[in-house]
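Provided herewith is a single structure, encoded as structure tokens, for subsequent inquiry.
A short reminder: the numbers here are calculations on the coordinates, not readings from a lab. Everything numeric in this text was worked out from a predicted model, so none of it was measured. Cβ placement follows ideal geometry from the backbone for every residue including glycine, while neighbour counts extend to all protein chains displayed.
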Amino acid sequence: MMVQNSMTKAIEASFDPVHHAQVCFRGILRAFSNPGEIVAVPPISHAVRPMCQSMLSAALCLLDGEVSAWLDPSFMTKDVEEFLRLRTGVSVSSHPRDVDFALIGNASNMPDLQQFRAGTLLEPNRSATLLIQLPSLVGGVPILLCGPGIKTTISVSPAGLPSWFWSTWEVNATCFPAGVDVLLVDGENIVGLPRSVRRSSPCS
């Protein structure tokens, strides 16, 4: 019988993977169906620094051996790569434009949204989803969003996004149905930004 290493044992003991994936997937669906709403995701006791719990939960839910992912430099650690390899089987690429998912731990230095695969009018499903870890999903500059899934407008104020993010998001939205999708995460929660959502105007 193969002996598991210490990391594998810790991971297996930390959660019920099937239940965790089901609850987390429902949370991600809710976040993208209700853009701008802060949605809680189930905690995971096994920490893999510098990933926060909600990033780990989302990664476990979305990544598998059929997709590829790009990790920003802050996530390119032995522990993170081993965790993802053991738990998801995802293929890690060094080229942002080639991947299905991007895991970003340092938003202030993240690549421009246009550096990621946006799909095409004929194959919008070929676009990438960006998971961006932030210090908080509140406390930043308030922005009004509108679009499908939002009754009128909704105010969001994620802290830690680069200053160029929302102007570039406007460019991304004009590409619909192509364009990238974004999932913002902090320690416990997520916020979905589907490509169909546009910025309205800064809150007064």
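Going 7 Å from the Cα of Asp79 in the Cα-to-Cβ direction, what parts of segment 43-69 have a backbone nitrogen less than 11 Å from that spot?
Residues 46-52 fall inside that zone.
If you don't mind, there's one more thing I want to ask. Counting each DSSP H run of 4 or more residues in the chain as -39500 (n - 2.57), what helix-only mean residue ellipticity at 222 nm follows after dividing by all residues, to the nearest 500 deg cm²/dmol?
Estimated from H runs of four or more residues: -8500 deg cm²/dmol.
Oh, and also: Between the helical axis of 165-174 and the dominant principal axis of the chain, each derived from Cα atoms, what acute angle in degrees is found, rounded to the nearest 10?
Tilt of helix 165-174: around 80 degrees.
Pick from Asn172, Asn125, Asn34: which residue has the top mean-square fluctuation in a GNM of the chain where Cα pairs under 10 Å get a spring?
Asn125
Okay, moving on. In nm, give the distance between the simple-model label positions of Lys151 and Glu123, each being 7 Å from the Cα along the Cα-to-Cβ direction.
4.0
Suppose we keep just the DSSP beta bridges with both residues in the chain; what percent of those would be antiparallel, to 5?
Antiparallel bridges make up about 50 percent of those DSSP assigns within the chain.
Taking the mean number of other Cβ atoms within 10 Å as a proxy for protection, how do you rank 183-189, 155-161, 94-100 from highest to lowest?
183-189, 155-161, 94-100
Continuing with this model, one more query. Of Val191, Val92, Val180, which is the most mobile in a GNM of the chain whose springs link Cα atoms less than 10 angstrom apart?
Checking each option, the largest mean-square fluctuation is seen for Val92.
Does anyone have the angle between helix 17-33 and the longest principal axis of the chain? Alpha-carbon axes, 0 to 90°, nearest 10?
Orientation of helix 17-33: about 10 degrees from the principal axis.
Separate question: Given 20 °C and 1.002 mPa s, how large is the Stokes-Einstein diffusion coefficient of segment 165-204 in µm²/s, with Rh as the Kirkwood radius over Cα pairs?
Reported coefficient: 194 µm²/s.
When only C-alpha pairs under 8 Å and at least 6 residues apart count, what is the relative contact order of the chain, in percent?
Relative contact order of the chain: 23 percent.
Count the net charge of all other residues whose Cβ sits under 13 Å from the Cβ of Arg85, scoring Lys and Arg as +1 and Asp and Glu as -1.
That sum, taken over residues with Cβ under 13 Å, equals -2.
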